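A.B. asks: One structure is given below, represented as structure tokens, and several questions about it will come after.
The values are calculated or read from the model by the stated rules, or taken from the named source; none is laboratory data. Keep in mind that this is a model prediction, so the values were computed, not measured. Every residue, glycine as well, gets a Cβ built from its backbone with ideal geometry; the counts of neighbours run over all protein chains shown. The area values use the complete protein model at the heavy-atom level, side chains included, leaving out ligands, DNA and RNA. Shrake-Rupley method; radii C 1.70, N 1.55, O 1.52, S 1.80 Å.
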Amino acid sequence: MTRLGVITLAAAMLLQPCGLALAQSSAQDPLKQKVFADLKEMAAAGDVKSQVLLGLAYLTGDGIHKDDAEAVKWLRKAADQDNAAGERYLAEMYFKGRGVPADNAEAAKWLRLAAEQGDAQSQHNLAVLYTQGLGVPRNLREALNWMRKSAEQGLAAGQVGMGVLYENGDGVSEDPVEAVNWYRKAVEQNDPSAMNNLALLLATSKNERVRNPQEAVALATKAVAAVNNPDYLDTLAAAYFAAGQTDKAIEAEQKALAMNPGNDSYKESLQKYLAGNGGR
């Protein structure tokens, strides 16, 4: 059975520093304390960007103590002023249950508000919710609509998502050629998941306009070099096998299994490659 592409929520930014801290400085650094005192003053005066930054600072503990409830407080103030970033981050707090009870429906509400303002990452994540039926009824047409909006803004995750939708025929007619086109757009942005998905499609597709095992090997090799992920090694193995390089397929699959010994799919693939190599 061919492993198809999957869509995941766009990588969160909540665990990244807010950008105000000075390199190698401690939370007790007088200059850093002055920076946050000024930030709090501006946030309290209603400056929406300062409210978002202060919320993220409390969330990450960047220069001050971590406090999820305080993070929610300041992100909500920004969101209540229709700030898209504040809405997106507040949505994530509801998804993760940080500072508030976990609530997918409430998360979806805030994500939609940000998506309707044109925030590409929110559009992508709202599309993912529609594909999974999280906080909203499952609706692949709506998923396609929001995913396309994010992809057309150049968001790599959105372009990968469009590739997955076309590859799987979710909300749209299955079209591997169109899937390849969208994956390539994200590959041009050096997105490892796009490299992996495209490599797997090129290696396993029965469509002669799509199948290209040699390019699949090159893409999968690049993805493996970028991210230490057993699924990427599994894809590399499939690409090697499709290209007739069975020994290398076995080696790559064994590496994937070493990282995830309980994966039955990897075991089945390894047995297939071993059988194709005369059982050696």
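A.B. asks: Once every DSSP H run of n ≥ 4 in the chain is given -39500 (n - 2.57) and the sum is divided by its residues, what mean residue ellipticity at 222 nm do you get, rounded to the nearest 500 deg cm²/dmol?
C.D. replies: Details: 14 runs with 184 residues, N = 280.
Result for the chain: -21000 deg cm²/dmol, rounded to the nearest 500.
A.B. asks: From the list (1) 41, 22, 15; (2) 32, 22, 19; (3) 37, 23, 19, can you say which value of semi-axes √(5λ) of the Cα gyration tensor in Å was derived from the structure given?
C.D. replies: (1)
A.B. asks: Quick check: the distance between the Cα centres of the range 43-109 and the range 175-223, to the nearest angstrom?
C.D. replies: 37 Å
A.B. asks: Hey, rough spin-label estimate for N263 and K109, points 7 angstrom out along Cα→Cβ, what's it come to in nanometres?
C.D. replies: For the pair N263/K109, the computed spacing is 4.0 nm.
A.B. asks: Compute, for the range 118-198, the length of the dipole vector about the Cα centre, with Cβ point charges of +1 (Lys, Arg) and -1 (Asp, Glu) only. Units Debye, rounded to 20. Provide the component values of the computation, followed by the final result.
C.D. replies: Numbers: 6 positive and 10 negative charges, 31 e Å.
Dipole of the range 118-198, to the nearest 20 debye: 160 debye.
A.B. asks: Residues with beta-carbon under 14 Å from that of A127, excluding A127: net charge, scoring Lys, Arg +1 and Asp, Glu -1?
C.D. replies: The answer is +1.
A.B. asks: Here is a follow-up. Excluding residues on the same chain fewer than 8 positions from K267, give the aspartates and glutamates whose Cα lies under 18 Å from its Cα.
C.D. replies: Partners within reach: D231, D234, D247, E251, E253.
A.B. asks: Does the range 124-193 come out rounded, prolate or oblate, given a ≥ b ≥ c as the square roots of the eigenvalues of its C-alpha gyration tensor, rounded meaning a/c under 1.5 and, failing that, prolate meaning a/b above b/c?
C.D. replies: Oblate.
A.B. asks: Given a cut-off of under 8 Å on Cα pairs at least six residues apart, what relative contact order in percent is computed for the chain?
C.D. replies: 9 percent.
A.B. asks: Can you give the accessible area of Y89, probe radius 1.4 Å, in Å² rounded to 10?
C.D. replies: The accessible area of Y89 comes to roughly 20 Å².
A.B. asks: Listed highest first by mean packing, meaning other Cβ atoms within 10 Å per residue, what order do 200-209, 167-176 come in?
C.D. replies: 200-209, 167-176
A.B. asks: Calculate the spin-label point distance for R141 paired with E41, positioning each point 7 Å from the Cα along the beta-carbon direction, and give it in nanometres.
C.D. replies: 5.5 nm
A.B. asks: Going down the list K109/K185; K185/K255; K77/K185; K149/K255; K206/K248; K96/K149, which pairs span over 32 Å between their C-alpha atoms?
C.D. replies: K77/K185; K149/K255, as the Cα separations exceed 32 Å there.
A.B. asks: Where is the GNM fluctuation largest for the chain (alpha-carbon springs, 10 angstrom cutoff): A57, A120, A102?
C.D. replies: Answer for the Gaussian network model of the chain: A102.
A.B. asks: Once you put a point 7 Å from the Cα of D29 and another 7 Å from the Cα of Q132, both along the Cβ direction, what distance in nm separates them?
C.D. replies: So the label points at D29 and Q132 sit 3.6 nm apart.
A.B. asks: Let me ask you something else. Could you tell me what percent of the accessible area of the chain is made up of carbon and sulfur, with a 1.4 Å probe and every protein chain present?
C.D. replies: Roughly 50 percent, rounded to a whole number.
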